[in-house]
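These notes are about the structure you will find just below.
The values are calculated or read from the model by the stated rules, or taken from the named source; none is laboratory data. All figures in this text were calculated on a predicted structure; none of them were measured in a lab. Backbone-built Cβ (ideal geometry, glycine too); neighbour counts: all protein chains shown.
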Amino acid sequence: MNRRDVLATAGLAGAAALATTAASGASPKAAAIVLDMPTSSIDILRDGPPMNLARAYEIMERDKLDGIAVAGAVNVYHMTGLWPVTFRMGYDGPIVAILTRDPQRPLAIIAAEFTYYYLVSDIPRSYPIEWFIHSASVNATRVFPDHGLAPMSAQETARAAALAAATKKQPAGTDGAAAIVKALRWAGLERGRLAVDHDLIRAAIGGAGLQTQTVDADAPLKRIRIVKSAREIQLMQIASAANVAAAQAAVGIARAGANFREMRTAYYAEAARRGNRGVFMVIDGVSTEGIATPFRDGHAFMIDAVSEGAGYHGDFARTVFIGEPAKPMQKVTAAIQLGWTAVRDALKPGLRFSEITALGQKTLRDAGYDFRVAFGPHSVGLFHNDAIGLGDLVLEENMVLSVDCPVMEAGLGGSAHLEDLTLITKTGGRPIHDVPEAVIQI
């Protein structure tokens with residue numbers, strides 16, 4: 001099976017089936033969300049990596065690239081579906097991955113022997129990979145030898161067999177740089193134009209005297225990331241549903257006497273309980289985590305909650321009223337809802353980011369509102385903003401978009417925000433998670 005076949009077999013999951021139940025201690029809008037789809041990233045990634053490969057070939061063709069080589073943790077995960085824990089420990093380049101413009105050539109992955117044996121071989125995969133193993137490793141550890149005092153477990157046996165099979169096909173080398181060079185030659189990239197994200201790849205190319213021309217991979221990788229594969233959309237549906245539910249549950253602690261720090265802690269705990277990892281929560285415009293401002297009756301404040309699951313981010317914002325808010329805040333939230341509704345209904349392929357912002361702000365002006373609301377679009381995925389530095393983007397099918405709608409003024413009696421994640425389809429936009437009311441009343 002080649003990579004185009006892998007892509008074709010990964011059909012886009014249907015819309016999530018969303019069911020709600022009351023969450024103990026949460027606000028009336030708090031909900032547990034049940035998805036009618038695989039709930040494990042392992043299940044989703046078994047048949048292929050997250051990356052939209054068709055998009056990758058398109059970008060390589062456009063930029064006249066013969067291949068892309070990556071060693072950065074997020075880029076390796078995107079290209080391969082692998083994120084060994086050594087990346088999170090701070091080690092440099094435990095895996096290097098190479099994608100060529102030839103759709104018939106499998107991914108090439110360079111890994112230390114111990115990384116493959118102990119951290120990668122456990123992961124089930126049914127898509128083709130060409131492995132280039134080398135024995136250079138942290139603390140000179142390679143594999144766990146059989147001490148012989150008891151039979152090896154099924155896991156130990158499977159790991160040893162997987163390593164033996166990989167090194168039988170491509171004998172292990174002793175040096176990581178040499179393994180990178182060997183993989184580049186196998187891929188036909190000892191000449192040509194290669195996008196690279198890390199100095200260790202450049203060093204390997206320079207040390208071997210290859211005639212490969214290297215360019216910075218940052219922009220091409222961002223261009224690939226902003227258009228999601230079917231697998232990425234599944235992962236984002238799961239992560240965003242968990243994020244919305246966690247934020248709603250955390251809001252349930254908001255009452256006179258509780259404080260910002262307690263709500264943020266509750267949000268991180270609720271995200272973890274649903275399989276996500278908290279990234280940040282802005283409360284009433286405050287992102288500093290140590291601040292413990294108390295909530296009060298009449299408090300009107302925004303929340304902006306971001307967490308990630310399997311690397312993919314949920315991003316959700318609402319306005320919360322504790323009791324009766326100040327009159328200006330009711331007017332602000334009505335304005336934001338009006339602007340977002342106009343924007344949401346207009347989202348479709350071909351619309352520019354700048355046009356989204358202009359439409360939201362014009363809607364407010366035409367309705368007689370003079371509030372400053374951002375209406376700021378950004379692509380969401382492996383990062384809170386997948387497209388930093390790419391300029392005024394044009395919407396494309398299978399982008400996942402957030403349009404930030406915070407009010408950008410003080411002296412209103414509170415703060416307000418509204419934000420959901422929207423998948424851009426051929427005919428328009430649709431939410432990828434349950435959409436609660438724009439204002440949460442406590």
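Out of the stretch 170-200, which residues are of a type in the set (A, V, I, L, M), closer than 23 Å to residue 142 by Cβ and out of contact with any Phe, Trp or Tyr (no Cβ under 8 Å at 6 or more places or on another chain)?
Of the residues in the stretch 170-200, the ones of a type in the set (A, V, I, L, M) are 172, 177-181, 183-184, 187, 189, 194-196, 200.
Next cut, closer than 23 Å to residue 142 by Cβ only: 172, 177-181, 183, 200.
Of everything in the stretch 170-200, those that are of a type in the set (A, V, I, L, M), closer than 23 Å to residue 142 by Cβ and out of contact with any Phe, Trp or Tyr (no Cβ under 8 Å at 6 or more places or on another chain) turn out to be 172, 177, 178, 181, 200.
Given the structure, is residue 317 closer than 26 Å to residue 368 by Cβ and in a helix (DSSP H, G or I)? Steps first, please.
Values: closer than 26 Å to residue 368 by Cβ: yes; in a helix (DSSP H, G or I): no.
So residue 317 does not fit the description; no.
All but one of (1) buried (at least 24 other Cβ atoms within 10 Å of the Cβ); (2) in contact with an Asp or Glu (Cβ under 7 Å, 6 or more places away or on another chain); (3) more than 27 Å from residue 78 (Cα to Cα) hold for residue 239; state the number of the condition that does not hold.
Failing condition for residue 239: (3).
Residue check: is residue 273 surrounded by fewer than 22 Cβ atoms within 10 Å (Cβ to Cβ), under 14 Å from the mean Cα position of the chain (by Cα) and either free of Cβ contacts under 8 Å to residues at least 60 places away in the same chain or at positive phi (or both)?
Working: surrounded by fewer than 22 Cβ atoms within 10 Å (Cβ to Cβ): yes; under 14 Å from the mean Cα position of the chain (by Cα): no; either free of Cβ contacts under 8 Å to residues at least 60 places away in the same chain or at positive phi (or both): yes.
So residue 273 fails the test.
What residue, of 179, 195, is part of a helix (DSSP H, G or I), under 28 Å from residue 67 (Cβ atoms), in contact with a strand residue (DSSP E or B) (Cβ under 6 Å, 6 or more places away or on another chain) and among the aliphatic types (A, V, I, L, M)? Let's see the steps before the verdict.
Details: 195 fails: part of a helix (DSSP H, G or I).
From the options 179, 195, the qualifying one is 179.
Does residue 331 satisfy being modelled with pLDDT under 95 and either buried (at least 17 other Cβ atoms within 10 Å of the Cβ) or within 29 Å of residue 255 (Cβ to Cβ) (or both)?
Working: modelled with pLDDT under 95: no; either buried (at least 17 other Cβ atoms within 10 Å of the Cβ) or within 29 Å of residue 255 (Cβ to Cβ) (or both): yes.
For residue 331, the condition - modelled with pLDDT under 95 and either buried (at least 17 other Cβ atoms within 10 Å of the Cβ) or within 29 Å of residue 255 (Cβ to Cβ) (or both) - is not met.
Looking at this structure, is residue 401 closer than 22 Å to residue 238 by Cβ and in contact with a Pro (Cβ under 8 Å, 6 or more places away or on another chain)?
Details: closer than 22 Å to residue 238 by Cβ: yes; in contact with a Pro (Cβ under 8 Å, 6 or more places away or on another chain): yes.
Yes.
(1) assigned to a helix (DSSP H, G or I); (2) surrounded by fewer than 24 Cβ atoms within 10 Å (Cβ to Cβ); (3) in contact with a helix residue (DSSP H, G or I) (Cβ under 7 Å, 6 or more places away or on another chain): which one isn't true of residue 224, the others all being true?
For residue 224, the exception is condition (2).
Filter the stretch 147-185 for residues that are charged (D, E, K, R) and out of contact with any helix residue (DSSP H, G or I) (no Cβ under 8 Å at 6 or more places or on another chain); which is surrounded by the most Cβ atoms within 10 Å (Cβ to Cβ)? Steps first, answer last, please.
Keep residues of the stretch 147-185 that are charged (D, E, K, R), which gives 156, 159, 168-169, 175, 182, 185.
If we keep only those that are out of contact with any helix residue (DSSP H, G or I) (no Cβ under 8 Å at 6 or more places or on another chain) too, we end up with 156, 168-169, 175, 182, 185.
Numbers: 156: 13, 168: 9, 169: 10, 175: 14, 182: 20, 185: 13.
Selected residue: 182.
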